[in-house]
Amino acid sequence: MDPRDAWRDVAVLLVDGNNLLHAVAGDAGPGPLRGLLARVAAAVPRTIDATVVLDGPPDPGAPSRMRVRPGLLVRHAGRIGADALLVDLVEERPYLERAGIVVITNDAALGEHVRKAGGRTRPVAWLSTRLEAWPSAPAAPGSTIGGPRPRPGGPAGGSLDRARRRRGPPSGTGTPRPEGSPGQPPTAGEEDEERHPWRPGRGATRKRGNPRRAPRGDR
């Protein structure tokens, strides 16, 4: 197959994601999904507006739509369901542009709705053949698609943090300064207190006896 002809007349690609996952990977879990998205990102030209639609809501705290790369989105259908969202995505386009929309699905009922709305359908095998012709692309920097999540501390696995612990805290973050005006250097008395901590009997508190009486040995 000539790669230049593989995507001829396709302006918008809408994928029934769960249908494709079960047909290609046999599972719709996170691992197969990451692998599938990496293959779609590598195979589908960036000139095509592609969206993979998944059933149900995203994971707690995750967005309902995520950009895998420019030109490729993943959308969770939530309560309305993937079939209804796919039809809505076709109908929201101007009618004259719908002939360039291709929906990937093996669902006969969904395909009928898409064609009535003015779009076209292709079976999962049509897309999987094109995915097999392209190797998976490496994950983009900062992306978790197609690869593991980076470990805290950078690529060295926390070596930067260990080096910082060996060096100790940065200058100015050690023992708190004596009380005084913020940002001002300590006074002479405060400097003396820093160099010579208080000890029992120091200075005026040291018992020296009566200065008017002679030492015991001279009496």
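Descriptive notes on the structure:
- Restricting attention to region 62-75, the residues that are loosely packed, with under 11 Cβ neighbours inside 10 Å and over 14 Å from the mean Cα position of the chain (by Cα) total 1.
- In summary, Pro45 fulfils each of the numbered conditions (1) touching a strand residue (DSSP E or B) at 6+ places or on another chain (Cβ under 8 Å); (2) more than 20 Å from Leu86 (Cβ to Cβ) with the single exception of condition (1).
Yes/no per residue for (1) under 24 Å from the mean Cα position of the chain (by Cα); (2) assigned to a helix (DSSP H, G or I); (3) not β-branched (Val, Ile, Thr):
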| site | (1), (2), (3) |
| --- | --- |
| Arg8 | no, no, yes |
| Ala28 | yes, no, yes |
| Leu33 | yes, yes, yes |
| Ala41 | yes, yes, yes |
| Arg46 | yes, no, yes |
| Pro60 | yes, no, yes |
| Asp83 | no, yes, yes |
| Val87 | no, yes, no |
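- Given (1) free of Cβ contacts under 8 Å to residues at least 40 places away in the same chain; (2) of a type outside the set (A, V, I, L, M, F, W, C); (3) assigned to a helix (DSSP H, G or I), index of the condition Asn19 fails: (1)
- One residue alone among Asp88, Asp16 is touching an Asp or Glu at 6+ places or on another chain (Cβ under 8 Å) and modelled with pLDDT of 95 or more, and that residue is Asp16.
- Against the conditions (1) exposed (fewer than 14 other Cβ atoms within 10 Å of the Cβ); (2) more than 21 Å from Arg122 (Cβ to Cβ); (3) modelled with pLDDT under 95, Gly78 satisfies every one except (1).
- Hey, Ala23 more than 18 Å from Val124 (Cα to Cα), of a type in the set (A, V, I, L, M, F, W, C) and either in contact with a helix residue (DSSP H, G or I) (Cβ under 6 Å, 6 or more places away or on another chain) or surrounded by fewer than 20 Cβ atoms within 10 Å (Cβ to Cβ) (or both) or not: no
- Conditions (1) closer than 14 Å to Leu20 by Cα; (2) under 28 Å from the mean Cα position of the chain (by Cα); (3) modelled with pLDDT of 95 or more: number failed by Arg122: (2)
- Applying the set (1) hydroxyl-bearing (Ser, Thr, Tyr); (2) under 19 Å from Ser128 (Cβ atoms); (3) outside any strand (DSSP E or B) to Thr51 leaves exactly one unmet item: (3).
- Asp83 satisfies every condition listed in (1) buried (at least 19 other Cβ atoms within 10 Å of the Cβ); (2) over 11 Å from Val15 (Cα atoms) except (2).
The values are calculated or read from the model by the stated rules, or taken from the named source; none is laboratory data. Given the structure is predicted, the values throughout are model-derived calculations rather than measurements. Here Cβ is always computed from backbone atoms with ideal geometry, including for glycine, and neighbour counts include all displayed protein chains.
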